[in-house]
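Down below is the structure, laid out as structure tokens.
The values are calculated or read from the model by the stated rules, or taken from the named source; none is laboratory data. Quantities reported herein were computed from a predicted structural model and do not represent experimental measurements. No Cβ is skipped: glycine too gets one built from the backbone with ideal geometry, and neighbour counts run over all protein chains shown.
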Amino acid sequence: MKKNASVTTIIAFLLLCLAAPFSTSAAEPQAVATVVALRGAVVAQNKSGASRNLSIKSQIFQEDELKTGPNGQLQIMFTDNTIISLGRGSEMKIAEYRWQPDRKDGALRTQAKEGTFRMMGGALAKDAPQNVKTETPTATIGIRGSMYTFKTTKDSLSIVFQGGKGIEVYNDLGKVTITVPGFGTRVMLNAAPTKPAKFTEQDIKDLNSQLNGGGENGNGAANGASPGSASGEGETESTSTGTDTTTSTQPLAEAVLPPPAVPARPVLPPINELPSAPAFTPPPPPPSDGIYAFKGGLGGTSTKTDGSTDTFTNELYLGVNWYNRKIFGVAFDNTVEDGKPVFFFGSVNGSTVSDIKIFGADEGGSYQNDDDAFISGSGSGLFTGSAYDFFSFTATGSSFLIKGSPTQTLLDSWTVAGGVQQVVGEMIPTAPKGGSEIWSGFVVGVSENMNDRPTDRHLIYNTNPNSFTMNINKDAGTILGTLTTDSNIGGGDANYNISGMTVGGSYGSVYLNDQLLAALLGGSAGITAKEYGNYMVVDPKNQISPYFTWGYWEVAYVDPTNSTIQRQIRVPESMWLAGKPSTDSVIKTGFIGTYNGKAFGTMINTNDTTQISQVSGSMNLTANFVSTPSITGSLAFTNGPTLTISGGAFSADSLTNQFSAGLTGGDIQGAFYGPNAEAVGGNFYSLTDGKQYIGLFGGNR
């Protein structure tokens, strides 16, 4: 996942930076990991037998034995971004660790003596999976760039696979391979691993009991399946101690550090070992309503096609709609200016998210000739905690040069792992409901030849809100729509309009509420869209009305008049606005409404087309349909001219109350939104004093 992002286009985030290993002198042992979250009493014992209390940011070294007390929990991150969590009463030794990113080589071997653990594979699991192993008293666990949780004792192992490519569990008596999330195996001493089976939701709850925040130790007994997996099994083949101490630490919720603690997930031992276990009250089910905010961070490694590697950390924001079970988030790096955020979304099934889609554009600077790149990936994650207040995930993907004919060039591949924690007090108690709602609206875009951006440039927009519509299914959290533009301004007769592009649908989409939504774009009958570079997102920070939503969109496509030319419509020049339109029962003869709001757009100097910049300002508009329908008002830009709205023709039907009017040097068109025409929004174009202006406007009555 690339590093760029924009703090001006995203909600303010909690600053959480992933800790990197501290430098050491040649005479000192080299740290291999860092404590990123901790609760209760946790100690480390080095190979000489000396013990030390651990705290946030403590360094972990090879051959350290880690031990959590009866109420202790620990999460560590290795230099390749592998994350291991230890539950209460757990003990693990870091037997071997080496990481050579330039050679894509290394090893991680841990020895879990007893307790509950979770592991999320980092770069090592991707580049040298054969060298990543966890040894337990009954079997060895091999990883394939995945996430899993297990519980081990001196004579048993219980493990569930939770996402990624898969895991192997083996000993001298047999081996099983598990590739379906939610499936797991159990191993008794001197016995082969059992055939993979689906874990029940109760199993998963019980597995979480040792790693959830707070509370007493607990055990439970149940069999079955994990949420998030419908079918499929794996393949079956035959064939020392630290001293606990007492220390005071911050609760995890108060530790403002590398990604917030995401407790590991315990796994049940075989049921026949539990007859004397103390009673355990399962945690409550996930919330059934509300939208909750989470904040945290991630770390990753990218490998370019020339073999060079880079590590990065991103801040992370996540929203969860517990009613429609959708997540929507963004990752960004506050050390880079003028970049673009990376977005992701997915569906929650029980406590798991197995279908995370990651996408976003990366503008110039990091790649050849300052060309744009597109980031695409997938991953899986897990909610933990007694209140489902932690979320952790792993993901892999690649970055592609958007410009490319006929295919888009691979630039790098990456792997990430991270976690977020629920922000206390930041939530909406009731999520939107009510099935489907049809939105309509307006778009503007600047279509550019990616090989000649300043001179081969066309401005496109739609004049009818019915040519940009979206079916917003609030209960399912999905979007399905179409996008068509009908106005094309530029040199020559070529038409670069977008025709019939699919919004969301099978390409993917997410809806949390009217200000938190996104969709991937594709499937246009009128143009040939590139594989990467097509999406639409909101700008949650700059919403100006509760009755419509606005944001940005990008499309990469083949020039319809010359297949050797690649064109792009990109941020920040491309914007959209949409909402549920008013009906003609409200807007009719006798209606008068005055609206005030904002206008956003792009200015292009026609005498020097390299001069392109964003403009913003205020808008006022009066719709007077008492006698002769008219639209009057102005768009006044703080860094540009004041454009006057005068005259206009009004039309209305049961789906839209659209209008058009003259504008200084051009035209303006819009529609009314809200049950009682509480808002107005639309787009505009103007050529004034040798400069082109194109953009959106909106306001409230």
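Consider Met470 carefully, then state whether it is within 25 Å of Ala679 (Cβ to Cβ), under 24 Å from the mean Cα position of the chain (by Cα) and assigned to a strand (DSSP E or B).
Details: within 25 Å of Ala679 (Cβ to Cβ): yes; under 24 Å from the mean Cα position of the chain (by Cα): yes; assigned to a strand (DSSP E or B): yes.
It is true that Met470 is within 25 Å of Ala679 (Cβ to Cβ), under 24 Å from the mean Cα position of the chain (by Cα) and assigned to a strand (DSSP E or B).
For segment 478-486, the criterion of being within 30 Å of Gln611 (Cα to Cα) and among the aliphatic types (A, V, I, L, M) is met by at least one residue.
Only a single criterion out of (1) under 31 Å from the mean Cα position of the chain (by Cα); (2) among the aliphatic types (A, V, I, L, M); (3) farther than 22 Å from Asn639 by Cα is not satisfied by Ile565, namely (1). The set of residues in segment 359-389 that are modelled with pLDDT under 85 and under 16 Å from the mean Cα position of the chain (by Cα) comprises Ala361, Asp362. Here is the figure for segment 54-79: residues that are in a strand (DSSP E or B) and under 15 Å from Met92 (Cα atoms) total 12. Taken over segment 562-572, the residue count meeting the criterion of being buried (at least 24 other Cβ atoms within 10 Å of the Cβ) and farther than 17 Å from Leu401 by Cα is 0.
In segment 181-194, is there at least one residue being within 30 Å of Thr301 (Cα to Cα), part of a strand (DSSP E or B) and not hydrophobic (A, V, I, L, M, F, W, C)? Even if it seems obvious, please write down each step before you answer.
Here is the first cut: in segment 181-194, the residues within 30 Å of Thr301 (Cα to Cα) are 181-184.
Subset that is part of a strand (DSSP E or B): 183-184.
Keeping just the survivors that are not hydrophobic (A, V, I, L, M, F, W, C) gives 184.
Yes: one or more hits.
Does segment 98-109 contain at least one residue that is of a type in the set (A, V, I, L, M) and closer than 24 Å to Thr153 by Cβ? Yes, some residue in segment 98-109 is of a type in the set (A, V, I, L, M) and closer than 24 Å to Thr153 by Cβ. Taking (1) modelled with pLDDT of 95 or more; (2) under 25 Å from Gly300 (Cβ atoms); (3) in contact with a Leu (Cβ under 8 Å, 6 or more places away or on another chain) in turn, Pro137 satisfies each apart from (2). Can you spot a residue in segment 81-90 that is assigned to a strand (DSSP E or B), touching an Asp or Glu at 6+ places or on another chain (Cβ under 8 Å), of a type outside the set (Val, Ile, Thr) and surrounded by 16 or more Cβ atoms within 10 Å (Cβ to Cβ)? No, the conditions are met nowhere in segment 81-90. Screening Val423 on (1) of a type in the set (A, V, I, L, M, F, W, C); (2) surrounded by fewer than 20 Cβ atoms within 10 Å (Cβ to Cβ); (3) in contact with a His (Cβ under 8 Å, 6 or more places away or on another chain) shows it passes everything except condition (3).
Go over the candidates Ser487, Ser413, Ser467, Ser440 one by one and state the one that is closer than 30 Å to Asn81 by Cα and modelled with pLDDT of 85 or more. It would help to see each step written out before you state the result.
Values: Ser487 fails: closer than 30 Å to Asn81 by Cα; Ser467 fails: closer than 30 Å to Asn81 by Cα; Ser440 fails: closer than 30 Å to Asn81 by Cα.
Answer to the selection: Ser413.
The residue of segment 508-561 that is surrounded by the most Cβ atoms within 10 Å (Cβ to Cβ), among those that are in a loop (DSSP other than H, G, I, E, B) and of a type in the set (S, T, N, Q), is Asn534. Once segment 539-580 is narrowed to residues that are in contact with a Leu (Cβ under 9 Å, 6 or more places away or on another chain) and among the β-branched types (Val, Ile, Thr), the residue that is modelled with the highest pLDDT is Thr549. Could you please let me know if Ser447 is modelled with pLDDT under 95, surrounded by 24 or more Cβ atoms within 10 Å (Cβ to Cβ) and among the hydroxyl-bearing types (Ser, Thr, Tyr)? It is true that Ser447 is modelled with pLDDT under 95, surrounded by 24 or more Cβ atoms within 10 Å (Cβ to Cβ) and among the hydroxyl-bearing types (Ser, Thr, Tyr).
Out of the residues in segment 426-444 that are surrounded by 12 or more Cβ atoms within 10 Å (Cβ to Cβ) and of a type in the set (Gly, Ala, Ser), state the one that is farthest from Ile569 (Cα to Cα). I'd like the intermediate steps shown before the answer.
Of segment 426-444, the ones surrounded by 12 or more Cβ atoms within 10 Å (Cβ to Cβ) are 426-428, 431-432, 436-444.
Still in the list and also of a type in the set (Gly, Ala, Ser): 431, 436, 440-441.
Details: Ala431: 33, Ser436: 29, Ser440: 20, Gly441: 18 Å.
So, considering only residues that are surrounded by 12 or more Cβ atoms within 10 Å (Cβ to Cβ) and of a type in the set (Gly, Ala, Ser), the one farthest from Ile569 (Cα to Cα) is Ala431.
Just to verify a result, which residue in segment 588-614, among those that are assigned to a strand (DSSP E or B) and hydrophobic (A, V, I, L, M, F, W, C), is surrounded by the most Cβ atoms within 10 Å (Cβ to Cβ)? In this case the residue turns out to be Ala599. Scanning segment 39-53 for residues that are polar (S, T, N, Q) and assigned to a strand (DSSP E or B) yields Gln45, Ser51, Asn53. Please work out if Ile356 is modelled with pLDDT of 90 or more, surrounded by fewer than 23 Cβ atoms within 10 Å (Cβ to Cβ) and not assigned by the TED database to the domain that holds Tyr552. Yes.
All told, Arg109 meets the bar of being modelled with pLDDT of 95 or more and charged (D, E, K, R). Of all residues in segment 595-618, those satisfying the criterion of being more than 21 Å from Pro465 (Cβ to Cβ), among the hydroxyl-bearing types (Ser, Thr, Tyr) and out of contact with any Phe, Trp or Tyr (no Cβ under 7 Å at 6 or more places or on another chain) are Thr606, Thr609, Thr610, Ser613, Ser618.
For segment 146-192, a residue qualifies if it is surrounded by 18 or more Cβ atoms within 10 Å (Cβ to Cβ), charged (D, E, K, R) and closer than 27 Å to Asn349 by Cα, and the qualifying residues are Lys151, Glu168, Arg186. Counting only residues that are buried (at least 24 other Cβ atoms within 10 Å of the Cβ) and of a type outside the set (Val, Ile, Thr), segment 55-71 holds 3 of them.
Considering each residue of segment 404-427 in turn, at least one proves to be of a type in the set (A, V, I, L, M) and more than 28 Å from Leu512 (Cα to Cα).
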